[in-house]
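Student: Once you've had a glance at the structure underneath, I'll fire off some questions.
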Amino acid sequence: LALAAVATVSGFAVTGTTAKAANNVTFTNSAQVAEIVWQGYNEGEMGPISITEGTLTSGKKTKAVYLVALSGTETVEGQSTGYLTDLLSGFNLKNAYYDNVVSTISENVPKNANLIIAGHSLGGMIAQQVAADSTIKKNYNILNTVTFGSPLLSAGSREGTVKRLGDTSDVIPYASGS
């Protein structure tokens, strides 16, 4: 989240396209954002996509934002986060997870809102694809795309800044085709 900024948020998890309110939380670093992303690994109970409405504070400036958090590969029946999606996304091809994220944002976030898209592994690849999506770019202001342990995709002209975080012992971020 501009990774040194503070965001006070009221979150909601998205299953399909239904949003549920949660408690207020303050994030001050990327590890806390990663915790929200990791909540998407829930064996299909809440789904891999969460959208958190909040306020981004940087210095004395504040702005309303929506944090879109995307978990990675999880083989759950009826969920679009399996190994086939890894391959499709890795080759920058449209897939069901990508389509689900675009429709979930479109149905739950007001147009012209500021977005921060964060994802782990597969979720990071999807985040990059969504940040390059022409409909999303036309309707939203993407401030940052934050990936945890994800390859860099040649996903076209992404809006906003891409921040890739990973561990040097993790081979997945090095699987970049670009």
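Student: Starting from the Cα-Cα distance between S58 and E43, subtract it from 0.36 nm times their residue separation and give me the gain in nm to one decimal.
Tutor: Full extension from S58 to E43 adds 1.9 nm.
Student: Between A31 and V76, what length comes free when the chain is fully extended (0.36 nm per residue of separation minus the Cα-Cα distance, one decimal in nm)?
Tutor: 13.7 nm
Student: Residue by residue through the range 131-137, which ³J(HN,Hα) values in whole Hz follow from phi under the Karplus form 6.51 cos²θ - 1.76 cosθ + 1.60 (θ = phi - 60°), with glycine and proline marked x?
Tutor: The phi angles translate into 5, 9, 5, 4, 5, 5, 5 Hz.
Student: For the range 102-149, which whole-number percentage of the solvent-accessible area (1.4 Å probe, protein heavy atoms only) is attributable to carbon and sulfur atoms?
Tutor: The computed percentage sits at 43.
Student: So if R0 is 45 Å, what FRET efficiency would Y83 and A113 give, r being the distance between their Cβ atoms, rounded to the nearest 0.05?
Tutor: So the FRET efficiency works out to roughly 0.90.
The values are calculated or read from the model by the stated rules, or taken from the named source; none is laboratory data. Quick caveat, the model's predicted, so the values are computed rather than measured. Reconstructed Cβ throughout: ideal geometry from the backbone, glycine too, with neighbour counts over all protein chains shown. Calculation scope for accessible area: heavy atoms of the full protein, side chains included, ligands and nucleic acids excluded. Shrake-Rupley method; radii C 1.70, N 1.55, O 1.52, S 1.80 Å.
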